[in-house]
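Since the structure comes first, as structure tokens, the remarks are kept for the end.
The values are calculated or read from the model by the stated rules, or taken from the named source; none is laboratory data. From a predicted model like this one, the values you see are computed outputs, not experimental measurements. Counting neighbours? That spans all protein chains shown, and the Cβs are built from the backbone with ideal geometry, glycine included.
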Amino acid sequence: MNDYDSELVRSLLKREGFAFTEDRERADVILLNTCAIRENAHNRVYSHLADLKLLKKQRSLVVGILGCMAQNLKEELTWQQPLVDVLAGPDSYRQLPMLITDAIRSQEEGLDRKGLAVDLSEYETYADVVPDRSDGVNAWIAVMRGCDNFCSFCVVPYTRGRERSRDPEGIVREAQQIADQGFKQITLLGQNVNSYRHGSWDFARLLAAVANVPGIERVRFTSPHPKDFPPSLLEVVAWHPRVCKHIHLPMQSGSDRILSLMNRSYTNREYRALVDRIRTLRPDIALTTDIIAGFCSESDAEFAETYKLTEEIRFHNAFVFKYSERKHTIAARKFPDDILESVKGERVTRLVDLQRRISHEHNRLFIGDTVTVLVEGSSKRSDSQFTGKTDGHITVVWDKSLLPCRPGDLVGVPVRDASPSTLFAHTRPEGREILS
Ligand code: 5AD
Ligand code: SF4
């Protein structure tokens, strides 16, 4: 969502005549688009700010903080960080050109005026702003913004405000333009994407309509909430040939008491039942999840329930997070953050180890098969290799000499080796060791 918001901001600024550079030495204005979801995202921003302090001592420079941290920490950032000139929350990006121009003028006049725009809106969806997308294979479209779920650990309802959905005709039109520009994949975005609703349109209908746009090969969506999976949505995922057979289904915990404290609105049994429904409909839909370890008052026995459910469901992949208390949330106000850091760390390690073993077992089943991959480009590790994703969102890597292709192509790649995170078209020395 932050990448997408950066594309919106680039578009809003470019249409007011601002130009962009990747070279910070040449920049008159530096904007940090921030996330507030966990403490480590905060820490990264503070370390960037320390860097920028030095730069700002040497020359005139406008520094702006955008996004969720700006929204959540407005007092702290304006008064404790004199370095920051502009703050704009996720619903205030339209004001950025004015705020930046004013900050530049204020510096020229030797003043220190702060530009602050952090009001949340019930309506802002930026529906009329075409994001400034860089060329590529995947294009994001935010179909809804905000969240009304108020999971007790989560800062999003406070930083991104109430749920609101974009009009479906505009979304489908944008999907058509994206296809015309040559993108092959669309990822529909929303904090709570499957609660999308606009008039008589629900998310199932929207997903099918976007997937029907000619020229788009694959459609993905993230992140859904388990409570919003009516049969119609499962049917579209299972049977539409261009909707990827992958569902990210954040589980968070396997303990009913913790799920209730988290305000997740489902039980262990209900979550399992949804997984069973999905797998009965189509066993090859890849399931991935998010899990939080060490939430307030989580006992060893309750963690064991999460471990057991993870082991039983056998997700393709899981993102495991240490609980991180966020200002303003229900949990921060009501429950002490009482699990020792060392215990949180141990629980995360145990879950990560478990999931790596399971992911590796899943991935090894592909050895000997040929998988269909949407080519993304050169692999991060080596310019002589390509990388891409399977329908189920597994990364695949192969030598360019093996299979000449271009980003955006759909190609069949033979799988010879597998790690917990990647399928390879060649055997690796360490891969053989694991297999023997
Ligand atoms: N601490 C740890 N993890 C969190 N997440 C959201 N808020 C927190 C928090 N306070 C995780 C959830 C969510 C994912 C995007 O981030 O697992 O699904
Ligand atoms: Fe946060 Fe997602 Fe819960 Fe909304 S549904 S409060 S974004 S974790």
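Do any residues in the stretch 364-375 that are more than 10 Å from Thr390 (Cβ to Cβ) have Cβ atoms under 9 Å from those of residues that are assigned to a loop (DSSP other than H, G, I, E, B) and among the acidic types (Asp, Glu), where the two are at least six apart or on different chains, and which pairs are they?
The qualifying pairs are Val375/Asp409.
Which ones in the stretch 155-185 are touching a helix residue (DSSP H, G or I) at 6+ places or on another chain (Cβ under 6 Å) and within 13 Å of Ala139 (Cβ to Cβ)?
Matches in the stretch 155-185: Ala175 only.
Take Gly161 and tell me if it is in contact (Cβ under 8 Å) with a residue 60 or more places away in the chain, small (Gly, Ala, Ser) and touching a Cys at 6+ places or on another chain (Cβ under 8 Å).
Against the criterion (in contact (Cβ under 8 Å) with a residue 60 or more places away in the chain, small (Gly, Ala, Ser) and touching a Cys at 6+ places or on another chain (Cβ under 8 Å)), Gly161 does not qualify.
Taking only the stretch 98-126 into account, find how many residues are surrounded by 15 or more Cβ atoms within 10 Å (Cβ to Cβ) and within 26 Å of Tyr158 (Cβ to Cβ).
13
Which condition breaks for Ser121 when tested against (1) away from ligand 2 (no atom under 16 Å from the Cβ); (2) within 27 Å of Asp391 (Cα to Cα); (3) not aliphatic (A, V, I, L, M)?
All conditions are met except number (2).
Please work out which residue is nearest to the chain's Cα centre (by Cα), limiting yourself to the stretch 281-316 and to residues that are in a loop (DSSP other than H, G, I, E, B) and without any contact (Cβ under 8 Å) to a residue 12 or more places away in the chain.
For the stretch 281-316, the residue satisfying everything is Pro283.
Quick one: Ile100 ticks every box in (1) in contact with a Lys or Arg (Cβ under 7 Å, 6 or more places away or on another chain); (2) away from ligand 2 (no atom under 16 Å from the Cβ) bar one, so which box is it?
For Ile100, the exception is condition (1).
Working only within the stretch 273-307, note down all residues that are within 22 Å of Phe153 (Cα to Cα) and charged (D, E, K, R).
Listed by number, the residues that qualify are Asp290, Glu298, Asp300, Glu302, Glu305.
Out of the stretch 35-85, which residues are touching a residue at least 40 places away in the same chain (Cβ under 8 Å), within 30 Å of Ala293 (Cβ to Cβ), polar (S, T, N, Q) and surrounded by fewer than 17 Cβ atoms within 10 Å (Cβ to Cβ)?
Across the stretch 35-85, the qualifying residue is only Asn40.
Please give the helices (runs of 4 or more DSSP H) falling wholly within the stretch 3-104 in which 3 or more residues are of a type outside the set (A, V, I, L, M) and out of contact with any Leu (no Cβ under 9 Å at 6 or more places or on another chain).
39-58, 74-80
Could you check the stretch 317-418 for strands (runs of 3 or more DSSP E) lying wholly inside it with 2 or more residues that are within 21 Å of the chain's Cα centre (by Cα), surrounded by 20 or more Cβ atoms within 10 Å (Cβ to Cβ) and of a type outside the set (Lys, Arg)?
317-322, 370-378, 385-390
Residue by residue, here is whether (1) over 18 Å from Asp290 (Cβ atoms); (2) within 16 Å of ligand 2 (Cβ to nearest atom); (3) at pLDDT 95 or above holds:
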position	(1), (2), (3)
Asp353	no, no, yes
Arg364	yes, no, yes
Val371	yes, no, yes
Val375	yes, no, yes
Arg381	yes, no, no
Phe386	yes, no, yes
